[in-house]
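The values are calculated or read from the model by the stated rules, or taken from the named source; none is laboratory data. Because the structure is a prediction, the values reported are computed rather than measured.
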Amino acid sequence: MTMRFAFLAVPLLLLAACGGSGGDANSSAPAAKVAAVAPPAGKQWTDVVEKTPEGGYRMGNPDAPIKLVEYGSRLCPTCGNFGRTGQEPLTNNYVKTGKVSYEFREFLVHGAPDIPGALLGRCAGPGPFFPLLEAMFQAQDQMEPKLADQQATRALQQSLVGAPPTKVATAWAEYLGYIDFVKQRGIPETQARACLNDSKDLDEITKGMQDASQNKGVNGTPTFFLNGQKLDDVATWPQLEPHLKAAGA
């Protein structure tokens, strides 16, 4: 096991690293109101999705004056709650105006079980990225019983000791049902398995996590940044929205 893939040894369900601390969001002085920006002809800003140099995927106006970044895990219940309750108002009320862009970056707090969702979520490119992310959050309740089965997960972990990361990714994808999940959403099985075997993509995710942890103070999910500033004690939509308004959205 190389150092860059050391997170594969992280135990299952590190709940201390998944979930905000709650409490009141830090207040800030309101900024001047930002003007809406028209999208390209024939599109909405939610149709404009690009991969960023940092390895995330950004939805919305790339020149938006208000830039929201989330470090998240597709198996994190708190991230799932935000995705189910916050993504719709965020996109409809803020991203569509051209005032706010929203970028999601993978942060695999659960180690190996998080790998297949991250790889498959990026498998079809920018266009389906956010619909797949939302679908995975909606399907968390299907994954939870399998993750909670300690006998089965322990046996799987033991069978993968010393295995290359790509084999680990495929084994967890099969166990959690992710391959059939993405097949039902337009990704052929051959393409899905190729993505699970993409060590370069996994390397990119890992490097992004290392940068977030070492240089940005990210140690759990979800962690939000607004215009480069980390938002403390923000894990839910009611905690996040006041920051967007204060920034002028």
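For the stretch 48-87, filtered to residues that are acidic (Asp, Glu) and in a loop (DSSP other than H, G, I, E, B), the residue that is farthest from residue 207 (Cα to Cα) is 63.
Look at residue 105 and say whether it is at pLDDT 95 or above and part of a strand (DSSP E or B).
Yes, satisfied.
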